Structure formats: C-alpha cells, structure tokens
Amino acid sequence: LRYCFFTGNPNNGGTDSIRSYTFTLPANLPGTDKAIFAWTWVNAVGNREFYNNCGDIAIKGSAGSYTGKKMTIANYGAGYPTIPEFIGNYDTGISYYTTNTEQVTVNGAGYSGSPIPSSAPSSSYFTSAIG
C-alpha cells in the first residue's frame, strides 16, 4: 500500500519493479455474475488528485451478503480528506486508509456461470452488484 510499484521504500533502495499483485478476497464474499473490482490511489507529487480504476468481474460462490470497509475517498473536494504531497514520506495519508471504519453491505445473488459480456456498460454491473 505505501510503496505501490516499489519493492520497498525508495529512500532505502526500493526499486520500481512490481507489476503484479496477489491478494485474497474474503471467503464469505457472496457470489455474483456481475461485480466491480475497484482500486484507488492518490498521487505522491503535483496537483492533489484522486485516481480510481475498476474492472467487471464475476465471483464464484453462493448467494448472500457481506459487510466490510467502505472505499476510502480523498482529494475529491469538500467533505473529503486532503492528503498532501508525500514524495519521500510514504506514511503520509496512510491513516485515512487504515482508520476508515465506515461500513457498506453488498449482496450477491449467487454465481450462475454466465460470462460477463465485454461490451456491456460498467454502470449496470455496479447497480446489480450492490443493489
């Protein structure tokens, strides 16, 4: 989280070489044919901006619901925290991600095995995945 593409703190010799990540979804996440996997970040230097990427996914599993941490949003305007430039101090702003205790509950109807059409608009998946 602190160093994104770096193998460690760049101030201590970490190199910009990580291009893939391995992570585990919670075991009790409900299955669904239509979900969005999203990740966010803020830039280390320059205009204070908030970045977001996402992709349509399917999650194999049974129907159910899951309650977990709501996505942290920063540098987005009034009412949101502003994370200052942090080039060289990679702990700046981490607390906004680790102390956010707001919760959100999502529901899944269960995985049917139907493929996600690549031409479908993402907004329809977002509504289905959390509705």
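The values are calculated or read from the model by the stated rules, or taken from the named source; none is laboratory data. Owing to the predicted nature of the structure, the values given are computational and were not obtained by experimental measurement. Here Cβ is always computed from backbone atoms with ideal geometry, including for glycine, and neighbour counts include all displayed protein chains. Accessible surface areas use protein heavy atoms only, side chains included; no ligands, DNA or RNA. Shrake-Rupley method; radii C 1.70, N 1.55, O 1.52, S 1.80 Å.
For the stretch 19-58, a residue qualifies if it is more than 23 Å from ASN75 (Cβ to Cβ) and free of Cβ contacts under 8 Å to residues at least 60 places away in the same chain, and the qualifying residues are ARG19, SER20, THR22, PHE23, THR24, LEU25, PRO26, ALA27, ASN28, ILE57, ALA58.
Among the numbered conditions (1) of a type outside the set (D, E, K, R); (2) closer than 19 Å to TYR96 by Cβ; (3) open to solvent by less than 90 Å² (accessible area, probe 1.4 Å), the only one that ASN47 does not meet is (3). Counting only strands (runs of 3 or more DSSP E) that sit completely within the stretch 1-111, those holding 1 or more residues that are touching a Cys at 6+ places or on another chain (Cβ under 7 Å) correspond to 32-42. Quick one: is ASN12 closer than 24 Å to THR98 by Cβ, open to solvent by 70 Å² or more (accessible area, probe 1.4 Å), without any contact (Cβ under 8 Å) to a residue 12 or more places away in the chain and of a type in the set (S, T, N, Q)? Here the answer is yes, as ASN12 does meet what is asked. Counting the residues of the stretch 50-77 that are closer than 18 Å to ASN100 by Cβ and open to solvent by 70 Å² or more (accessible area, probe 1.4 Å) gives 7. The residue that is surrounded by the fewest Cβ atoms within 10 Å (Cβ to Cβ), among those in the stretch 15-42 that are more than 30 Å from TYR111 (Cα to Cα) and more than 15 Å from the chain's Cα centre (by Cα), is SER17.
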